[in-house]
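Each remark here refers to the structure printed beneath this line.
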Amino acid sequence: MVYFCVVKEDKTISKAERTRQFIIEKTAPIFNKKGYAGTSLSDITEATGLTKGSIYGNFADKDELVLAAFDYNIARMSAVTKVEMAKHTTVRGQLLVYVEVYENHMKYPFPLGGCPIMNTTVDADDTHPVLKGKVGQVVMSWKDRLIGLIEKGIAGKEFKKDIDPEQIALTIIAMIEGAILLNQATGRVDYRKKVMRSVEKLIKEL
């Protein structure tokens, strides 16, 4: 599956804002792969072709840039599931999108380096409290979106009325992120697939 995106220059955006966006787009994959501490100024200047002065003329410091890069990576990941969910009319079908895209992530325009939630959680745990806080907010928002979908499925009589939406939502997140961790830690793609089969089974039995 290939996504095509034609970007037209927005005349309402200033040159400075376009430069900021360019820097974010070029550095987001590096931060996602190398982490905050592992990404050097030379990595940033090499990726953008800009000087240190140009970089810090658009961002107060590396902290501001990494936060913007994280937001960009999360937006890219969220866009994938949004596009795929729009193809389904049932809540169950929408939830199963998570199985499809996370199991077959290479087919989709996910951020380079893998899941930014997993990567950034590990990277920022003891090194960057503000970035860690952002990750927490993203996870909570994901949980709330899942709860909303599950409650909709209950109201529409797609799902059993006695299930706990929050428990199911948390379990889905934990299983998906756990599958990613197993894959990264062992290099075993089949482990990821096996866990995603369990996520699929959970959703189909709601």
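On the stretch given as segment 60-110, residues that are in contact with a Pro (Cβ under 7 Å, 6 or more places away or on another chain) and among the charged types (D, E, K, R) total 1.
For segment 12-59, a residue qualifies if it is part of a helix (DSSP H, G or I), among the hydroxyl-bearing types (Ser, Thr, Tyr) and without any contact (Cβ under 8 Å) to a residue 12 or more places away in the chain, and the qualifying residues are SER42, THR45, TYR56.
Listed conditions (1) surrounded by fewer than 16 Cβ atoms within 10 Å (Cβ to Cβ); (2) under 30 Å from ASP71 (Cβ atoms) are all met by GLY156, apart from (2).
Being of a type in the set (Asp, Glu) and buried (at least 19 other Cβ atoms within 10 Å of the Cβ) is the filter here, so list the residues in segment 118-141 that pass it.
Of everything in segment 118-141, just one residue is of a type in the set (Asp, Glu) and buried (at least 19 other Cβ atoms within 10 Å of the Cβ), namely ASP123.
Entry remark, segment 16-25: residues being within 17 Å of the chain's Cα centre (by Cα) and either surrounded by fewer than 18 Cβ atoms within 10 Å (Cβ to Cβ) or of a type in the set (Gly, Ala, Ser) (or both) number 1 in total. Going by what's in this entry, would GLU84 be described as assigned to a helix (DSSP H, G or I), touching a residue at least 12 places away in the same chain (Cβ under 8 Å), in contact with a helix residue (DSSP H, G or I) (Cβ under 7 Å, 6 or more places away or on another chain) and under 24 Å from LEU182 (Cβ atoms)? Yes, satisfied.
Just to be sure I understand, how many residues within segment 103-117 are touching a residue at least 24 places away in the same chain (Cβ under 8 Å) and surrounded by fewer than 18 Cβ atoms within 10 Å (Cβ to Cβ)? Residues meeting the conditions: 5. Scanning segment 118-134 for residues that are touching a helix residue (DSSP H, G or I) at 6+ places or on another chain (Cβ under 6 Å) and closer than 17 Å to MET175 by Cα turns up MET118, ASN119, THR121.
Selection within segment 62-94: residues that are surrounded by 14 or more Cβ atoms within 10 Å (Cβ to Cβ) and among the β-branched types (Val, Ile, Thr). The member of this set that is nearest to the chain's Cα centre (by Cα) is ILE74. Inspect segment 44-66 for any residue being of a type in the set (A, V, I, L, M, F, W, C), more than 30 Å from VAL99 (Cα to Cα) and touching a Phe, Trp or Tyr at 6+ places or on another chain (Cβ under 7 Å) and give the result as yes or no. Yes; the residues of segment 44-66 include at least one that is of a type in the set (A, V, I, L, M, F, W, C), more than 30 Å from VAL99 (Cα to Cα) and touching a Phe, Trp or Tyr at 6+ places or on another chain (Cβ under 7 Å).
Per-residue answers, yes or no, for (1) over 16 Å from LEU181 (Cα atoms); (2) among the polar types (S, T, N, Q):
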| site | (1), (2) |
| --- | --- |
| ARG92 | yes, no |
| GLU100 | yes, no |
| CYS115 | no, no |
| THR127 | yes, yes |
| LEU149 | yes, no |
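Where helices (runs of 4 or more DSSP H) fall entirely within segment 100-206, those with at least 1 residues that are among the acidic types (Asp, Glu) and in contact with a Lys or Arg (Cβ under 8 Å, 6 or more places away or on another chain) are at 165-186.
Just one of (1) without any contact (Cβ under 8 Å) to a residue 12 or more places away in the chain; (2) more than 19 Å from MET77 (Cα to Cα); (3) in contact with a helix residue (DSSP H, G or I) (Cβ under 9 Å, 6 or more places away or on another chain) trips up LYS160, so point out which. Every listed condition holds for LYS160 apart from (1).
Bear in mind that the values in this text are calculations on the coordinates, not laboratory data. Computed from a predicted model, the values in this text were never measured in an experiment. Every residue, glycine as well, gets a Cβ built from its backbone with ideal geometry; the counts of neighbours run over all protein chains shown.
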